[in-house]
Amino acid sequence: MTSRFAVLTVRPAGKQSLAAAQEAGGGRNQWDGVLPPRTLLVEWPAGQDTPTGYWISNVPATTPVADLVRWAKMRWRIEHDYREPKHGLGLDHFEGRTWRGWHHHVTLVTAAQAFLTLWRLDPEAQMPA
């Protein structure tokens, strides 16, 4: 997967940003009225008329673009990693009513996920065709 990215320094606007800045500044008396700068990562794939993704962060402006892109796209990896236990290993199939039963179910799903991950990482493992 490839795409084009731009990194900009922006000052966010809006009631939520204003309230967060006031809270971080110690209340109205100590706040100078200027919102802190933020780093904006913009994804604009080739062939698209407009950008397709925006991420705003409070990381320093000196953060390498490769790190920003990796962190922004990490959500896809997390969702993918959650999908396998949920759909492939039955994490969402539990219909019991007890803590012990739920704990047993989740423990077995976690063990199966660990086994499959280690098997996948083993260079000598026989994979099905």
Cα→Cβ-extended label distance, 7 Å offset, between K15 and R97, nm
4.3
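Dipole magnitude of the chain about its Cα centre, charges +1 at Lys/Arg Cβ and -1 at Asp/Glu Cβ only, in debye to the nearest 20?
Working: 14 positive and 12 negative charges, 69 e Å.
Result for the chain is approximately 340 debye, rounded to the nearest 20.
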Work out how much length W119 to T52 would gain on full extension: take 0.36 nm times their residue separation and subtract the Cα-Cα distance, in nm to one decimal.
20.5 nm
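Any idea what the relative contact order of the chain is, in percent, if you count C-alpha pairs under 8 Å spaced at least 6 apart?
Working: 107 pairs, mean separation 23.2, N = 129.
So the answer I get is 18 percent.
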The chain: C-alpha gyration tensor shape, a/c 1.5 cut-off, then a/b vs b/c
oblate
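Each reported figure results from applying straightforward, stated rules to the coordinates on display, with no laboratory input. These numbers were taken from a predicted model, which means no experiment stands behind them. Reconstructed Cβ throughout: ideal geometry from the backbone, glycine too, with neighbour counts over all protein chains shown.
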